[in-house]
Amino acid sequence: MRSLRNRVAIGILVALPFAACSSDPATTTPAAEDSPPSTDLALTDDSDLLLIDEPPATTLAVDGPLIRFEAMWVCELQRRTFTTPDAVDQALEEALDEAGLKQADYETFRARVNVEQELRDSILFAYQETCVLR
Amino acid sequence: MRAQPTTGVASSLASWLGLAFCLTILLIHSTTLRSGAETETKGSPRFLAASSTGWVEGESRWVSLPWLATEGIQDFRVTALSTAPGVRVTYQQETLDHAAPQFGPDLGANEVDVTMLQVSTTTATPESWELEVSASWEYRGRRHEGATVIKVTTISAVTENPLQPLIDDATVTASGDGTDNWVDLAYLGLADLTTNVEVSVEGDLPVQYTSKLFSSLDHGDELVRGEIDSARIWFDPNRLGAGSHELTVTLQYTIDASTAVQVVSHPLLITVE
């Protein structure tokens, strides 16, 4: 007769292969630097899809003008072409002037975007309002 | 001998425990698989630019491709390729073989940023060609990639029309809520400054404009050279009737500092499905 320990061990051994089969490589096994890319994904340009439901109100109160400017600027950038990269910087300066904003403030603001989720959500919402939904 | 029944009960209990353990493991992992499939998005960014655009032959200009990161991604890179004759794509000096987002290669969730690339054409470039845009990024330690295609219409450099239409046909549907029946008529500005743009359709047709008698451009009423903007017109498919309809679109605008209003027209084929 098999011992109690053997019976439990058999149960575990039966379960382990299932466990091993269902592990998610993307989340549990980081690939090596030189591993080949995963299957191609179609990038979408479906502007009808809603990008974000609603903005966080807290950031808008403080950074409203810069948030609206950034949304407008990205929208304008994608509709324009430029003769040189410097012409892009010049157009940005002109747009900031027109909006009554300072270059230094804009640069400080833009540096915060990558680390503040609320700011990104607010810009995306403004972009959706001014550029996508119109 | 008295130990025998106890061993039997213990043995049965052990079997049930083992089975219960197996089922629990299976349940946990089937749940993990299902939620994994739902959340495994590979961090795919969204391409926000239009899928078609216009280009003046022989020109070399920098274009901005906007992207939305749906998840936090790292080392986002964009390359573009066209096999059309005379088309060449180059990148900024900092990266040379790819374009990176303007504000750094890593993007936070819901961040919108643009990548710049220089597209050059020659007089040998065909009237219609495609620019294949590839992107790659790192998400949760793995590299992913995707691609999309932008259809480009080459505009003659000697055209006299400073407001070049990029759309000459569209389809509207008789079913649905009618939102699909707004047609975006895109125009490329070829003058240094085109202002007061008004777009309308000739004849007494079942259309609706963004203003009472005409549609203005979506993003202001002026275009600088190389800028593209659209005017929207709503077509009533039920009153137009099924089939194809050859219409004429009228454009009114002023050029540079002039106050003289110029009027031109272009054909538009509307198909009702």
Pairs, first on the phi < 0 side of the Ramachandran plot in region B:156-174, second acidic (Asp, Glu) and in a loop (DSSP other than H, G, I, E, B), C-beta under 7 Å, six or more apart:
B:Ser156/B:Glu57; B:Ala157/B:Glu57; B:Thr171/B:Glu273; B:Thr173/B:Glu273; B:Ala174/B:Glu273
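Every residue, every condition in (1) within 14 Å of chain A (Cβ to nearest Cβ); (2) under 25 Å from the mean Cα position of the chain (by Cα), yes or no:
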| residue | (1), (2) |
| --- | --- |
| B:Leu193 | yes, no |
| B:His219 | yes, yes |
| B:Ala242 | no, no |
| B:Val272 | no, yes |
Can we say A:Thr58 is at pLDDT 90 or above, of a type in the set (Ser, Thr, Tyr), open to solvent by 80 Å² or more (accessible area, probe 1.4 Å) and part of a helix (DSSP H, G or I)?
no
Confirm whether B:Ser175 is over 23 Å from the mean Cα position of the chain (by Cα), surrounded by fewer than 20 Cβ atoms within 10 Å (Cβ to Cβ) and modelled with pLDDT of 90 or more.
no
Kindly indicate whether any position in region B:88-105 is on the phi > 0 side of the Ramachandran plot, free of Cβ contacts under 8 Å to residues at least 24 places away in the same chain and surrounded by fewer than 20 Cβ atoms within 10 Å (Cβ to Cβ).
yes
Would you mind telling me which numbered condition in (1) surrounded by fewer than 18 Cβ atoms within 10 Å (Cβ to Cβ); (2) without any contact (Cβ under 8 Å) to a residue 60 or more places away in the chain; (3) charged (D, E, K, R) B:Asp113 fails?
(1)
B:Asp75 vs (1) farther than 30 Å from B:Leu166 by Cα; (2) outside any strand (DSSP E or B); (3) not aromatic (Phe, Trp, Tyr): all pass except (2)
Just one of (1) within 11 Å of chain B (Cβ to nearest Cβ); (2) open to solvent by 80 Å² or more (accessible area, probe 1.4 Å); (3) modelled with pLDDT of 70 or more trips up A:Gln128, so point out which.
(2)
Listed by first then second residue, the pairs whose first member lies in region B:212-241 and is in contact (Cβ under 8 Å) with a residue 60 or more places away in the chain, whose partner is open to solvent by 40 Å² or more (accessible area, probe 1.4 Å) and among the aliphatic types (A, V, I, L, M), with beta carbons under 7 Å and at least 6 positions apart or on separate chains, are B:Pro237/B:Ala174; B:Asn238/B:Ala174
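The values are calculated or read from the model by the stated rules, or taken from the named source; none is laboratory data. What you see is a predicted model, and the numbers here were worked out from it, not measured in a lab. Virtual Cβ from ideal backbone geometry, glycine too; neighbours counted across all protein chains shown. These accessible areas exclude ligands, DNA and RNA; they are computed on the full protein's heavy atoms, side chains included. Shrake-Rupley method; radii C 1.70, N 1.55, O 1.52, S 1.80 Å.
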